[in-house]
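Only the coordinates and a few stated rules stand behind these numbers; no lab work does. Everything numeric in this text was worked out from a predicted model, so none of it was measured. Glycine also receives a Cβ, built like all others from the backbone with ideal geometry; neighbour counts cover every protein chain displayed.
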Amino acid sequence: MVVVKSIDELQKAKESLKGTIGFVPTMGALHQGHLTLIQRAREENDIVIVSIFVNPTQFLEGEDLDSYPRREEADRKICSVAKVDILFMPTIDDMYEDDELLISAPKVRGYILEGEKRPEHFDGMLQVVMKLLNLSSATNAYFGKKDAQQLALITQMVKNYFIPCRVIPCDIIRDENGLALSSRNAYLSKYEKQEALKLSKSLRKATKMVMSGEKRSKILIKEIESNLVGHNIKMEYVAIVSRDFKPLESIEIGNSMILLAVWVSGTRLIDNIWL
Ligand code: AMP
């Protein structure tokens, strides 16, 4: 594995390798969720490139940009063991100049749910993903379903801008208790982790209700909301939408997602299930 910081170094490293490129963009503090994406990229491509870049333009004022976990040494080891060919770790100056051309998320799908609670987050996310897809020359790029709206918007960007890359959705990886893995879980105390289990538990409960015939969104959302209570839990939204993010009155199996965002003390967590 080569670790490259500058864009020049990345281009040189790429030139020395031949074949299809599997690309996994991340913000580091790698966990089993990231590793699963990397392993899949390894299986399906000749070359694997992973990027680690905590992208400032997707953090809003007052969010956790400065405290976002950074674990460079551990991340390098994980990538090396996973047989990554190129680990790209650019600096902010490598990636951005002043007065840049900007990318805007679509006005509806980019500004509901996550986009409503974190306005302009997706503009910054799409901006960096566009840069990274171009820099990596990815044949296949791997993204987690955990960030369902992000995945949908990247898929749309690739389509709308004719980017020659396939977007590959990957299943959500959870710990043994059901908690969706996230770099931000590192912020949670033992007690808060226990509280955070309510996210996946409520989704499992709703899934059971769907399996036994209850398909009405209103009823399912009410049930989930009633499970997302606790003195340090603050629910932001629970929504049932189609795979292309249109609100659904009732679950359509094969075309539905239940999405939620919850604060557990000072940590914002998201989770979802695809039905
Ligand atoms: P991040 O480092 O949080 O920006 O995530 C990088 C990529 O890993 C994104 O495509 C995420 O959706 C994906 N990812 C993060 N956590 C998980 C998880 N628990 N399961 C599957 N994919 C994940």
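Looking at segment 1-84, what strands (runs of 3 or more DSSP E) fall wholly within it and have at least 2 residues that are within 16 Å of the ligand (Cβ to nearest atom) and surrounded by 13 or more Cβ atoms within 10 Å (Cβ to Cβ)? Steps first, answer last, please.
Values: elements: 2-4, 21-26, 47-52.
Because the criterion is at least 2 residues that are within 16 Å of the ligand (Cβ to nearest atom) and surrounded by 13 or more Cβ atoms within 10 Å (Cβ to Cβ), the strands (runs of 3 or more DSSP E) in segment 1-84 that meet it are 21-26, 47-52.
Inspect segment 213-236 for any residue being under 22 Å from LEU181 (Cβ atoms) and in contact (Cβ under 8 Å) with a residue 60 or more places away in the chain and give the result as yes or no.
yes
State which residue pairs qualify: first residue closer than 14 Å to ASP64 by Cα and without any contact (Cβ under 8 Å) to a residue 60 or more places away in the chain and inside segment 253-273, second residue among the basic types (Lys, Arg) and part of a strand (DSSP E or B) in any location, beta carbons under 7 Å apart, and separation of 6 or more residues or different chains.
These pairs meet every condition: TRP263/LYS234.
Please go through segment 135-178 and pick out each residue that is in a strand (DSSP E or B) and buried (at least 17 other Cβ atoms within 10 Å of the Cβ). Step through it out loud before you land on a result.
We begin by selecting, within segment 135-178, every residue in a strand (DSSP E or B); these are 140-144, 166-170, 174.
Scanning segment 135-178 gives ASN140, ALA141, TYR142, PHE143, GLY144, VAL167, ILE168, CYS170.
Against the definition (within 28 Å of ASP123 (Cβ to Cβ) and either of a type in the set (A, V, I, L, M, F, W, C) or within 13 Å of the ligand (Cβ to nearest atom) (or both)), how does ALA105 come out, yes or no?
Yes, satisfied.
Determine if segment 182-189 includes at least one residue that is more than 12 Å from the ligand (Cβ to nearest atom) and not in a helix (DSSP H, G or I).
yes
For segment 141-166, how many residues meet the condition of being more than 10 Å from the ligand (Cβ to nearest atom) and either basic (Lys, Arg) or in contact with a Ser or Thr (Cβ under 7 Å, 6 or more places away or on another chain) (or both)? Let's see the steps before the verdict.
Residues of segment 141-166 that are more than 10 Å from the ligand (Cβ to nearest atom), as a first pass: 149, 152-153, 155-166.
Next, from what is left, pick out any that are either basic (Lys, Arg) or in contact with a Ser or Thr (Cβ under 7 Å, 6 or more places away or on another chain) (or both): 159, 165-166.
Matching residues across segment 141-166 total 3.
Read through the list (1) within 14 Å of the ligand (Cβ to nearest atom); (2) in a helix (DSSP H, G or I), then give the number of the only condition that LEU197 fails.
Status for LEU197: all satisfied but (1).
Whether any residue in segment 213-230 is hydroxyl-bearing (Ser, Thr, Tyr) and more than 27 Å from TYR111 (Cβ to Cβ) is what I want to check.
Of segment 213-230, the ones hydroxyl-bearing (Ser, Thr, Tyr) are 217, 226.
When the remaining residues are screened for being more than 27 Å from TYR111 (Cβ to Cβ), the result is 226.
Scanning segment 213-230 turns up at least one residue that is hydroxyl-bearing (Ser, Thr, Tyr) and more than 27 Å from TYR111 (Cβ to Cβ).
Within the group TYR142, TYR161, TYR187, which residue is in contact (Cβ under 8 Å) with a residue 40 or more places away in the chain and within 30 Å of LYS14 (Cα to Cα)?
On the way: TYR161 fails: in contact (Cβ under 8 Å) with a residue 40 or more places away in the chain; TYR187 fails: within 30 Å of LYS14 (Cα to Cα).
Checking each option against the conditions leaves just TYR142.
Would you call SER250 closer than 21 Å to ALA152 by Cα, in contact (Cβ under 8 Å) with a residue 24 or more places away in the chain and loosely packed, with under 15 Cβ neighbours inside 10 Å?
On the way: closer than 21 Å to ALA152 by Cα: yes; in contact (Cβ under 8 Å) with a residue 24 or more places away in the chain: yes; loosely packed, with under 15 Cβ neighbours inside 10 Å: yes.
Considered against the rule, which asks whether it is closer than 21 Å to ALA152 by Cα, in contact (Cβ under 8 Å) with a residue 24 or more places away in the chain and loosely packed, with under 15 Cβ neighbours inside 10 Å, SER250 comes out as yes.
Given the options GLY22, GLY33, name the one that is within 22 Å of ILE172 (Cα to Cα) and touching an Asp or Glu at 6+ places or on another chain (Cβ under 8 Å). Quick ask: steps written out before the conclusion?
On the way: GLY33 fails: touching an Asp or Glu at 6+ places or on another chain (Cβ under 8 Å).
Result of the check over GLY22, GLY33: GLY22.
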